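Below you'll find the structure, written out as structure tokens, and then a few comments.
Values quoted throughout were computed directly from the atomic coordinates according to the rules given, and no laboratory measurement underlies them. If you're wondering where the values come from, they're calculated on a predicted model, not measured in any experiment. Every residue, glycine among them, receives a Cβ derived from its backbone with ideal geometry; neighbour counts consider all protein chains shown.
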Amino acid sequence: MAPRHFLTLMDFSSQELEYLIQRAITIKSGLKQHGPVYVPLANRTMAMIFEKSSTRTRVSFETAMAQFGGHALFLSPRDTQLGRGEPIEDTARVLSEMVDVVMIRTFAHKNLEDFAAASSVPVINALSDDYHPCQLLADIQTWTECRGPVRGKTAVWIGDGNNMCHSWINAARQFDFKLRISCPEGYEPDAAILEAAGEHAQIVRDPMEAARGADLITTDVWASMGQEEEQAIREAAFEGYQVDEAMLDCADDNVIFLHCLPAHRGEEISTTLLDDPRAVVWQEAGNRLHAQKALIEFLLLGRISD
């Protein structure tokens, strides 16, 4: 049987994603109550390929495998033949003979697709230039923990129409909520991804108008990895798109704020926003561990009855 891959949120059904969120909450609760005694992946190995640097992604996946009784291998281009020009497909076939699952954090999304097409073990997108689906699992888990079911609610994305924005668009489709996207002209999300979302997502240019009455507000850095040379240009383009306490005040009284981190205080957020009790970014960051545990478990073992 062909392996299941997780390259975007659209690779799973809405029901499967709902299961993952609830399973992540259950796993988190069990860990806090009993410690890491649930070890379903003894002697299983994950290969972690990092072409982009990371804090949260590496720590969460490596810890997830360790607490599940398995093992994670950190691989950078300097450590593998990928860095010396071995075809992606050949690396995928070799690793498939040795490990149980592969996690990749890379630039071009097509590289992920090519790797997955040649792999006989599950492949997880831990970030590409187009999508960041693992972050959205943690984000929806956090929103659910804080405010209950997300169906029918309204989220607001402020800033660049980047890989995080694309995954928020897909999340709006899969979890059935509304997404308002507030971005400057020229920084819109991919038109095809936005169009596919239909009424679930719309662009609202004025960020304060977009925030009005919202249940959740989120953003990301203005210049992502690989765009550092555009920093000054982007700072000018995104003037007026900083998320601050006044913007949260325009939203619903129970609004929460999320940020995938790292955050640039004084740029995309005010210098004090992360100290606001409506900001739940540390809980969100911690949920990367639990959401990814649920994902790994599902890919390797299938659904688990709680």
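Worth a mention:
- Relative contact order computed over the chain (Cα-Cα under 8 Å; 6+ residues apart), in percent: 20
- Among 170-178, 203-211, sorting by the average number of other beta carbon atoms lying within 10 angstrom of each residue, highest first, gives 170-178, 203-211.
- Ranked by the mean number of other Cβ atoms within 10 Å of their residues, highest first, the peptides 153-166, 252-265, 229-242 fall in the order 153-166, 252-265, 229-242.
- For Trp222, the residues 5 or more places off, or on other chains, whose built amide H falls under 5 Å of its own are Glu268.
- Taking a ≥ b ≥ c as the square roots of the eigenvalues of the alpha carbon gyration tensor, the stretch 1-77 is oblate, as a/c is not under 1.5 and a/b does not beat b/c.
- Here's how it looks for Ala279: its modeled amide H is under 5 Å from those of Phe257, which are all 5 or more places away or on a different chain.
- Cβ-defined net charge surrounding Thr154, 11 Å radius [Lys, Arg +1; Asp, Glu -1]: +2
- Spatial separation of Cα centroids for the stretch 13-39 and the stretch 232-270, in angstrom: 30
- 5 angstrom amide H check on Ser76, placed H, neighbours 5+ away: Phe50
- Taken as Cα centroids, the stretch 127-178 and the stretch 275-300 sit 13 Å apart, rounded to the nearest whole angstrom.
- Residue-wise HN-Hα couplings along the stretch 113-119, as the Karplus relation 6.51 cos²θ - 1.76 cosθ + 1.60 with θ = phi - 60° gives them from phi, are 4, 5, 4, 5, 4, 9, 8 Hz; Gly and Pro carry x.
- Euclidean distance between Cα centres, the stretch 81-116 to the stretch 192-218, Å: 35
- Phi angles of the stretch 29-39 translate, via the Karplus equation with coefficients 6.51, -1.76, 1.60 and θ = phi - 60°, into HN-Hα couplings of 4, x, 5, 5, 7, 10, x, x, 9, 8, 10 Hz per residue; Gly and Pro are given as x.
- The packing ranking of peptides 42-55, 138-151, highest mean first, is 138-151, 42-55, where packing means the average number of other beta carbon atoms within 10 angstrom of each residue.
- With the helix formula -39500 (n - 2.57) applied to DSSP H stretches of n ≥ 4, the chain reaches a computed 222 nm mean residue ellipticity of -12500 deg cm²/dmol.
- 3J(HN,Hα) along the stretch 196-213, derived from phi through the Karplus expression 6.51 cos²θ - 1.76 cosθ + 1.60 where θ = phi - 60°, amounts to 5, 7, x, 6, 6, 9, 8, 8, 10, 4, 6, x, 5, 5, 4, 6, 4, x Hz, with x in place of Gly and Pro.
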